[in-house]
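Chemist: Handing you a structure now.
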Amino acid sequence: MARVPFVPRQRLVEEILHARSSVLIEAGGGFGKSVLIEQVSARTPGRLDLRLPRDHPVTVEELTTAILDHAAARTTGRPYPAATAARIGELLATPAAPGLLVVDNAESLTDDAAAWLAGLAQDGRPPLRILVSSRLLPAPLAAMEFQGTAERLNTQDLRLTEEEATALARTELGDEDGERLAATLHDLSGGWVALLLVMLRRLARASDRMAAATVLLRHPGLIRQLMDHYADALDPADRHMLIQLAAFPLVNDILVAGLGRPGLLRRLIRAGIPFAVGADGWSRLCVESRQTLAALAPLDPAIAREAAPLLTSQGAELAAAGILVDSGDPEQAARLVAKLPTSRINQLDPVEFIHLMARLGPAAQAAPQVLLHLARTHRNLGQLAEEREVIGRALRIVRDRNTGDDLAIEVESEWLIQRALHHDADVLARVERLLEGTAEGTRAQASLLEALGVALSDRPDGPSLRRAENAMRQAAIIWGELGEPARVAAVQRGLAAQVLSAMGKTGEGALLLSRIGATSDTRFDRMLCLVMEARLLALGGEAERALAILDDAIRLAELLRIDWVAGHAAWTRLIVAANDHDMPGVLENLARAEARLGQMLIHGSAGLLFLCEAADACAVVGADAASARLLAAAREHCVQDPRTLALTEAFIGARRGEPEAADVLQAMLENGDIAPCLRWKAELLTGYARHAGGDIDAAAQCLQITLDRAASIGHPELLDRREHHVAGVLRSAIRLPPAIVTGTPATGDSYEVRVLGGFEVRRGHTVLHGSGRASQLVKHLVLAGGSVRVETMVEMLWPDEMSGVGQRRLKNVLTRARASYGSLVNRRGQLLCLSSCTVDLHGFEDLARAVAAAQDDERILRARTAVTAFTGPLLPDDLYDDRIAQRREVVCQRVLGLIDVVLTAALESGDMEEATDRLESAMELDPYDQERPLRVARALVAGQRYLEANDLAARVIAAANDLGVPYAVEWDELSLSPLDRARAARRAAGPAPRTMTQGGLPAAGGSRPAVRHNWR
């Protein structure tokens, strides 16, 4: 074939000349390799050029002799390779710059000769640069790329650009016709130099070049002509197999050897057939040649069946399924796809997989497992409507077949998850019915537990969320035992993003996602984990880490061609900007999110959640018009989740100071309609609205409860990170006493009343004893703040008596109270009052109020002081007085909130001694809670304090057994060998079903036994 005319390859020449290492060029015939190295040689002083023959193998001796001959410095006798290498180095050394050894047709080198040449480049003193051109690089030279001593240009790099094609066309056809036809011919040839040249020369002989160009578009004979030229020296069997291999998207030596033609690929490449050898070890025939050759003969079904397992074993499942379809056996292709694990589906190119499913046609539509894989792929691409439609098709198939096997249950579980995501209230009952008849440790059970977790995560009450957490953790354990790591990761992502997030455990969720991403073997899983981790960090107010993680997620998404991630990242950045009160940032990211979220805005609950969160974020920064627009859009979706919409409307109304909005928030809190992650915010904004209405005391009370709620989920700093403006306004409303005295001893005739840890009245150093109604009178006065109206006290002491009877009885009680406590209780008209006295409860509450008014380190110091002032539960002996019991629970929650502030600080600073001390206090107040012990146990494990972690685990498991409540699944997830003994002992004693993860309430149907502790 005639040589390609001179076309300047300026881009490639510059790249080679400026390369810091050697350069390897590998491409099939007709890609202009020789022309390119000639252009490089022309601009390189001190070079040695060597064109090797293709008709026989070139040995080390022949190579060195040829180099020295070309340099006109041939030595006498037979050259010794080591000495020759030094001589060649001398020849290439120039004062200006190191020279270049150029070797063309390197496919002729034997492995020994190629190894010698690679050693010359890598080990010479000084190391030499070589430029090697080859249709197929020998293994020692190809290894230089992976050793970092050479760069490689392949077929794709050598394709002509449109500008280069235009220059060649103008040379062959003249300036006018060449300029006019170049773009079309470049697209048709794909930049393959030889094919483009054949076309140009065909057109150059035509009188009507435009008409001839039209004919070329429909004329495959030109490519066949090129293939015949390169395959001319092949034997008939190789030519036949070449036509068969043209149907394969990728081939390698293992494949052709398995098909009974060892060495075929090397023979084809050496002949010049344009296979491109990729860095992944697969060779691909250029698409222009594939289409033409594949049309010459159909793919032999026997070859396809033989090749499919060879491709599958090497991770080329899509190629294997594709050739089965091409050979007329789509059913076998569908069976192959159905056997793939979920982890492998996540590794495949989603667009290529969807294209393959379209080629499978009815075979895919009749295979439920294939449809599940297809649905997952649509989900990965953010195509939520397509995902739901495909799962619906799979469900219809399994219901028509009525098999009731694991696959049918798995399909139904996926459909139930879809319904749960759309807030279908009937899903929970259906899942629980299916679980009753499902065998343990099966795919069906794992799928149903996952569906149960999703269904329960939609409920805002604590027990439901704890059941959801437990169900998902159990599902992850089962998927792990079944060898499905991708399903484990998917369930744990759902656990973190849906359940732990709703529970307010954003830090734990982010840590879980970080761990999943670090151990994942697929880039897609890592990307998902990064996206979700960034969101949880933003919800926890950690801006810097969230933004850094988002950058990594976006880079992975661009690599994987996943569009929706950019929209989700903008959503998270919008939250961060709102936390910083950055109006331009909020509006900018709002626009990006709306433009890039795609189907998430119109399908499923994610769209409504985005609209509500964005509307509230706009309200935070004062972008009222945008907030109103988003809220109006959310109302169109309100049928999906009216509770979220109502909560958002109340948030925005409370920010405007509307008392009605505060009433709505308070009612939702009392009815349990707000998830734990947002209860702190609801309390805070309730207080903000009360403050705007002038009720300063109520505002201060709300701020204290806000801190308690934030601390209870492990984030006492949350209100400052996310709502620092509102928190600042409420802090200014807290009225602190002039001085907070932690412990002033009673002196003289002053009274001291103790109600924490027991009831006691002292006057000076004398303990005063009272009983019956007189004591109850003092207790109620203390709890009321020191004064109560007469009729109110009558109602407290005798709720079922007539008013006149109660008034007469009160006189008798006052008389006995004076006899027992002296002047402690006084009546002033219609008001009962305590005389001046010191009350431990009031001192504790003042200290707790001071904690709410503080920030950062000062808050931690004040919290320690307040916890120290708490000497025990409020009036622990009054078990049956409802008013006292309610107040006791309020005080208990207040001190638990303070303990959480100190515990969180201790864990963050690594002070395990203080952490364990505070945990002991918390466990006495809340023996059902397992979340705090888990946090401490994880910290102990992280610090390699295994014996202490083991003791803590044993105590928690034993306490759960004694109290009749199940222990948390998280204890099973602690990979700590000493814990196994505690678990084994507990199981030997008779394991309880694990249906909850942390304290507060026993399992459904259980009752909470009375537990009393002596704080004295």
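Chemist: Is it true that Ala538 is of a type outside the set (Ser, Thr, Tyr) and more than 21 Å from Ile713 (Cα to Cα)?
Modeler: Numbers: of a type outside the set (Ser, Thr, Tyr): yes; more than 21 Å from Ile713 (Cα to Cα): no.
No, not satisfied.
Chemist: Next question, about the same structure. So which pairs qualify, if the first residue must be in the stretch 694-709 and over 16 Å from Val895 (Cβ atoms), the second must be among the polar types (S, T, N, Q), the Cβ gap must be under 8 Å, and the two must be at least 6 apart or on different chains?
Modeler: So the pair list comes out as Cys702/Thr686.
Chemist: Something else about it: Looking at Ala212, Ala297, Ala320, which one is touching a helix residue (DSSP H, G or I) at 6+ places or on another chain (Cβ under 6 Å) and touching a residue at least 40 places away in the same chain (Cβ under 8 Å)? Spell out the reasoning first.
Modeler: Working: Ala212 fails: touching a residue at least 40 places away in the same chain (Cβ under 8 Å); Ala320 fails: touching a residue at least 40 places away in the same chain (Cβ under 8 Å).
Checking each option against the conditions leaves just Ala297.
Chemist: Listed residues Ala121, Ala182; which is in contact with a Ser or Thr (Cβ under 8 Å, 6 or more places away or on another chain), of a type outside the set (S, T, N, Q) and within 30 Å of Asp253 (Cα to Cα)? Steps first, answer last, please.
Modeler: On the way: Ala182 fails: within 30 Å of Asp253 (Cα to Cα).
Criteria check complete, one pass: Ala121.
Chemist: Would you say Asp177 is free of Cβ contacts under 8 Å to residues at least 40 places away in the same chain, over 19 Å from Arg9 (Cα atoms) and not in a loop (DSSP other than H, G, I, E, B)?
Modeler: On the way: free of Cβ contacts under 8 Å to residues at least 40 places away in the same chain: yes; over 19 Å from Arg9 (Cα atoms): yes; not in a loop (DSSP other than H, G, I, E, B): yes.
Answer is yes for this residue.
Chemist: Can you name every residue in the stretch 115-171 that is farther than 30 Å from Arg209 by Cα and without any contact (Cβ under 8 Å) to a residue 24 or more places away in the chain? Spell out the reasoning first.
Modeler: First, the residues of the stretch 115-171 that are farther than 30 Å from Arg209 by Cα: 115-154.
Selection gives Asp123, Pro127, Phe146.
Chemist: What is the residue count in the stretch 313-331 for residues that are within 17 Å of Arg359 (Cβ to Cβ) and in a helix (DSSP H, G or I)? I'd like the intermediate steps shown before the answer.
Modeler: As a first pass, look at the stretch 313-331 and keep what is within 17 Å of Arg359 (Cβ to Cβ): 316-331.
Applying the additional criterion that residues be in a helix (DSSP H, G or I) yields 317-326, 330-331.
Total meeting the criteria: 12.
Chemist: Scan the stretch 848-887 residue by residue and report those that are closer than 19 Å to Leu730 by Cα, in contact with a Leu (Cβ under 9 Å, 6 or more places away or on another chain) and not aliphatic (A, V, I, L, M).
Modeler: Arg849, Arg859, Arg862 - these are the residues of the stretch 848-887 that are closer than 19 Å to Leu730 by Cα, in contact with a Leu (Cβ under 9 Å, 6 or more places away or on another chain) and not aliphatic (A, V, I, L, M).
Chemist: Here's something else I'd like to know. Filter the stretch 435-449 down to residues that are more than 15 Å from Ala476 (Cα to Cα) and either touching a His at 6+ places or on another chain (Cβ under 7 Å) or buried (at least 23 other Cβ atoms within 10 Å of the Cβ) (or both), then give me how many there are.
Modeler: To start, the set of residues in the stretch 435-449 that are more than 15 Å from Ala476 (Cα to Cα) comprises 435-439.
Then keep just the ones that are either touching a His at 6+ places or on another chain (Cβ under 7 Å) or buried (at least 23 other Cβ atoms within 10 Å of the Cβ) (or both); that gives none.
Count: 0.
Chemist: Now for a separate question. Checking the conditions here, which among Leu703, Leu685, Leu647 is over 21 Å from Asp720 (Cβ atoms) and outside the structural domain of Leu609 (by TED's automatic domain parsing)?
Modeler: On the way: Leu703 fails: over 21 Å from Asp720 (Cβ atoms); Leu685 fails: over 21 Å from Asp720 (Cβ atoms).
Exactly one of Leu703, Leu685, Leu647 is over 21 Å from Asp720 (Cβ atoms) and outside the structural domain of Leu609 (by TED's automatic domain parsing), namely Leu647.
Chemist: Here is a further query. Output the residues belonging to the stretch 637-695 that are acidic (Asp, Glu) and within 22 Å of Glu469 (Cβ to Cβ). Lay out the reasoning, then the answer.
Modeler: First, pick out the residues of the stretch 637-695 that are acidic (Asp, Glu): 641, 649, 658, 660, 663, 670, 673, 683, 695.
Of everything in the stretch 637-695, those that are acidic (Asp, Glu) and within 22 Å of Glu469 (Cβ to Cβ) turn out to be Asp641, Asp673.
For every residue, the table says whether it meets (1) closer than 25 Å to Arg159 by Cα; (2) surrounded by 19 or more Cβ atoms within 10 Å (Cβ to Cβ); (3) in contact with a strand residue (DSSP E or B) (Cβ under 9 Å, 6 or more places away or on another chain).
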{"site": "Ala213", "(1), (2), (3)": "yes, yes, no"}
{"site": "His240", "(1), (2), (3)": "no, no, no"}
{"site": "Leu245", "(1), (2), (3)": "yes, yes, yes"}
{"site": "Val251", "(1), (2), (3)": "yes, yes, yes"}
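Chemist: A follow-up question, please. Across the stretch 786-801, what is the total count of residues that are closer than 20 Å to Leu824 by Cα and free of Cβ contacts under 8 Å to residues at least 40 places away in the same chain?
Modeler: Number satisfying all stated conditions: 5.
Chemist: Out of the stretch 255-309, which residues are among the small types (Gly, Ala, Ser) and surrounded by fewer than 19 Cβ atoms within 10 Å (Cβ to Cβ)?
Modeler: Restricting attention to the stretch 255-309, the residues satisfying the condition of being among the small types (Gly, Ala, Ser) are 257-258, 260, 263, 271-272, 276, 278-279, 281, 283, 289, 294-295, 297, 302, 304, 307-308.
Correct list: Ala257, Gly258, Gly260, Gly263, Gly278, Ala279, Gly281, Ala294, Ala295, Ala297, Ala302.
Chemist: Related question: Could you check the stretch 201-222 and list, in sequence order, the residues that are of a type in the set (Gly, Ala, Ser) and modelled with pLDDT under 75? Before you say what the answer is, go through the steps one by one.
Modeler: The initial filter retains those residues of the stretch 201-222 that are of a type in the set (Gly, Ala, Ser), namely 204, 206-207, 211-213, 221.
Once the filter is applied, which keeps residues that are of a type in the set (Gly, Ala, Ser) and modelled with pLDDT under 75, the stretch 201-222 yields Ala213, Gly221.
Chemist: Would you please name the residue that is surrounded by the most Cβ atoms within 10 Å (Cβ to Cβ), looking only at residues in the stretch 450-466 that are modelled with pLDDT under 90 and assigned to a helix (DSSP H, G or I)?
Modeler: Once the filter is applied, the top-ranked residue is Arg466.
The values are calculated or read from the model by the stated rules, or taken from the named source; none is laboratory data. Keep in mind the model is a prediction, meaning the values are calculated, not measured. Cβ coordinates were reconstructed from backbone atoms using ideal geometry, including for glycine residues, and neighbour counts include every protein chain displayed.
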